[in-house]
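K.L.:
Dropping a structure here in structure tokens format, bear with me for questions.
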């Protein structure tokens, strides 16, 4: 029997992350687990895209703006109903994304991590690697990766099944 108490969804607010959140939410509902939705703000000195953005200054002021923006986006992503029913934890961390996701998972007894993957081109993958790929490689818990363009298994109108026979009766 699988017993999940904590499901982590790492989000970068991309389409792939939205797919991962649908799966993570559905799994948390199915298992009665707590949903942890985590966004990691990369260190601006290590991330070219963040440090190079025109509106970003390298300093604590810009960092506070990024944290506030991320918290607002998490509030929009996770409904008040899901926050209550799933005891959702909305978390913004700073640092190297792979390390932060793995450390958070270990610290909070995460039973399953769900991450989106975009399928980068070969050059981008070679230069930057994949956060999802490295989390799969180094995490101490199982990791489910979700692509935004894959077959969708999560359906909002699905009613949970109720067992009418015991497993032994099913094979009698």
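K.L.:
Looking at the structure I just gave you, is residue 87 surrounded by fewer than 16 Cβ atoms within 10 Å (Cβ to Cβ) and at pLDDT 95 or above?
P.N.:
In short, yes.
K.L.:
Yes or no: the range 64-75 includes at least one residue that is farther than 24 Å from residue 6 by Cβ, modelled with pLDDT under 95 and more than 19 Å from the chain's Cα centre (by Cα).
P.N.:
yes
K.L.:
Would you pick out the residues in the range 96-138 that are part of a loop (DSSP other than H, G, I, E, B) and modelled with pLDDT under 95?
P.N.:
96, 117, 118, 119, 120, 121, 129, 130
Each row is one residue, and each column tells you yes or no for (1) over 21 Å from residue 80 (Cβ atoms); (2) without any contact (Cβ under 8 Å) to a residue 12 or more places away in the chain; (3) part of a loop (DSSP other than H, G, I, E, B); (4) in contact with a strand residue (DSSP E or B) (Cβ under 8 Å, 6 or more places away or on another chain).
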residue: 4; (1), (2), (3), (4): yes, no, yes, yes
residue: 9; (1), (2), (3), (4): no, no, no, yes
residue: 12; (1), (2), (3), (4): yes, no, yes, yes
residue: 21; (1), (2), (3), (4): no, no, no, yes
residue: 24; (1), (2), (3), (4): no, no, no, yes
residue: 36; (1), (2), (3), (4): no, no, no, yes
residue: 40; (1), (2), (3), (4): yes, no, no, yes
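K.L.:
For residue 42, all conditions in the list (1) surrounded by 15 or more Cβ atoms within 10 Å (Cβ to Cβ); (2) more than 24 Å from residue 141 (Cα to Cα); (3) at pLDDT below 95 hold save one; what is the number of the exception?
P.N.:
(2)
K.L.:
Residues of the range 75-95 being under 13 Å from residue 25 (Cα atoms) and in a loop (DSSP other than H, G, I, E, B), which ones?
P.N.:
Listed by number, the residues that qualify are 78, 79, 86, 87, 88.
The values are calculated or read from the model by the stated rules, or taken from the named source; none is laboratory data. Predicted, not measured: the structure shown is a model, and the values here were computed from it. Counting neighbours? That spans all protein chains shown, and the Cβs are built from the backbone with ideal geometry, glycine included.
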